[in-house]
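Below you'll find the structure, written out as structure tokens, and then a few comments.
Read-outs throughout are calculated quantities, based only on the coordinates presented, and are distinct from any laboratory measurement. Note that this is a predicted model, so its numbers are computed, not measured. Cβ: placed from backbone, ideal geometry, glycine included. Neighbour counts: every protein chain shown.
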Amino acid sequence: MQEKKPDLRTSPRAIWQLSWPQIVMMYFIFFIGLTDIWTAGRINGSTQAALGMISQVTLFLQVLAMAVSSGAMAAISQSMGAQKMRRARRYIAMTLLLVTGLGLLVALAAGSVPAFALRMVMLPESLLPLATSLWAVAMLTLPGNYIFSCTGVLFRATRQVMLPLWTGAAGCLLNLLGNLGFGLGYFGLPAYGAMGIIWTSFVCIWVCALGNCALLVYAGYLNKRDLPLWRWVKKGAPYLLKVARDAGAAQVVWQTGYLTLYVVVASLPTESIAALAGLTAGLRIEAFLFMPAIALNMSAAVLVGNSLGEGKPEQAKRLGLQLTGYGTLAMCLVAALLWPFRQELAAFLTTEPAVQAQTFSYLSYNLLATPFSVASTIMGGIMVGAGATRYNLLVYGSTFWLVRLPLAFVLGHYVWQSSSGVFVAMLFSQSLQACTMLVVVCKGTWARFAIKATSFHA
């Protein structure tokens with residue numbers, strides 16, 4: 001039986017058909033996180049701050065999954081562009097096995113040192129007992145996060161973007177009902193507070209992870225016949241791991257940067273706990289703007305990878321820049337619509353006036369940063385599709401560690417002596433990051449990082 005050829009269309013309609021399900025999926029994931037923060041905010045500011053810090057640390061621990069997934073995106077999308085379907089399926093199987101193993105190892109290692117991990121991020125002592133209990137459940141959830149994140153990327157790389165919407169919708173609904181029921185005591189259920197929230201996340205993530213694996217089998221992209229033999233792994237793994245190495249380093253730099261930013265906020269001379277809770281809530285609202293940008297980042301990676309696999313670097317650049325322009329314009333319009341409702345958005349996520357004020361301040365600065373943050377996010381997808389994640393490492397890493405963090409510390413601790421200094425530093429660094437990425441996309445030699453046609457055949 002002749003194998004079905006991959007979908008490599010690049011018309012506006014094809015790009016929209018690739019992008020809109022990813023945008024919907026990103027909003028499912030967004031609402032899962034938003035429901036957690038909203039529920040915690042209805043309990044108290046301490047619960048919201050502790051849960052926010054746990055979420056940020058957990059996100060950092062997923063850097064290996066994100067790294068391997070970036071390598072898989074480049075390898076699979078380019079293989080499909082070259083119409084090497086068996087190579088693509090072998091990359092899918094190898095990626096899923098690797099990510100599952102890494103998730104278990106990281107969860108085991110991090111779960112054995114809760115006190116050390118939480119003190120490393122300068123969590124206030126008053127939050128440690130609650131955070132330690134949350135940490136134990138978060139580590140049980142971590143392997144599921146690895147699998148859920150990775151399988152989502154595998155679906156996008158193969159342009160099978162409709163199937164994961166089923167698991168995303170189920171996870172979103174389960175999380176909402178669980179948080180209302182076991183977090184706040186709705187529907188006559190016992191209110192377990194923060195522990196109800198974290199256990200709900202455990203169930204939700206594992207349902208989504210296992211559901212995605214079943215759908216990969218159903219779609220024909222995961223089967224015993226395409227499990228890679230060792231001789232193939234020796235040929236295919238080096239490219240994936242090379243891309244993953246730079247992507248992983250970029251994620252480590254980025255996530256440690258955000259953890260350090262949390263430390264800067266947590267150690268502010270005034271209102272540190274309120275500022276920490278406000279930052280957590282503000283990041284969730286900002287994520288609302290970022291969901292389409294992340295979806296377009298992934299669409300850019302797929303389209304660029306397909307184009308380079310076909311041997312069309314100029315088409316890859318053109319498609320990447322078009323997505324960047326259209327996506328940035330659309331998200332700026334959304335930011336403009338949200339601007340008058342900053343106070344209402346802050347009040348939606350928390351009932352404490354001090355935290356509301358901090359959230360309002362965060363939104364005031366970061367809505368202004370929308371064109372820069374969205375553009376740099378989408379252009380990062382161009383580099384992922386090309387396998388040129390080294391550029392993401394250099395640009396994101398340097399603007400975060402050499403500009404954002406030093407400026408945030410100086411402005412937050414000495415000039416303003418408040419969270420406003422941190423938020424100004426974020427705005428400035430995001431604008432510099434976007435300008436630098438634009439130069440890289442227009443002038444850089446990123447297309448040379450694609451798989452060479454003569455590397456291997458299957």
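What the table shows:
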read-out	value
Computed over the chain, the ratio Rg/Rh where both radii use C-alpha atoms and Rh is Kirkwood	0.96
Net lengthening on full extension, Leu229/Trp20 (0.36 nm per residue, minus Cα-Cα)	71.6 nm
Approximate spin-label separation Tyr218-Thr270, in nm, with each point projected 7 Å along Cα-to-Cβ	5.6 nm
Extended-chain gain in nm, criterion 0.36 nm per residue less alpha-carbon gap, Gln315 and Phe187	40.7 nm
Cα-Cα separations in segment 254-300 greater than 14 Å, expressed as whole percent	62 percent
Theoretical ellipticity at 222 nm over the chain - DSSP helices of four or more residues, -39500 (n - 2.57) apiece, nearest 500	-27000 deg cm²/dmol
Whole-Hz couplings from phi, Karplus 6.51/-1.76/1.60, listed for segment 193-209; x for Gly and Pro	x, 4, 5, x, 5, 6, 6, 4, 4, 4, 5, 4, 5, 5, 4, 5, 5
Full-extension gain in nm, Leu333 to Ala354, via 0.36 nm per residue minus C-alpha separation	4.7 nm
Distance from segment 122-166 to segment 269-314 (C-alpha centre basis), Å	16 Å
Per-residue HN-Hα couplings for segment 277-282 [Karplus 6.51, -1.76, 1.60; θ = phi - 60°; Hz; x = Gly/Pro]	5, x, 4, 4, 5, x
Spin-label model distance (nm) - Thr132 vs Asp7, 7 Å beyond Cα toward Cβ	5.1 nm
Spin-label model distance (nm) - Phe116 vs Leu368, 7 Å beyond Cα toward Cβ	4.2 nm
Unit charges on C-beta of K, R, D, E only; dipole of segment 12-449, Debye	2020 debye
Exposure proxy ranking, count of Cβ atoms within 10 Å, fewest first, for Lys452, Lys317	Lys452, Lys317
Cβ-based exposure ranking for Arg342, Arg119, Arg225, in which fewest neighbours within 10 Å come first	Arg225, Arg119, Arg342
Sorted by Cβ neighbour density within 10 Å, fewest at the top, the residues Phe428, Phe31	Phe428, Phe31
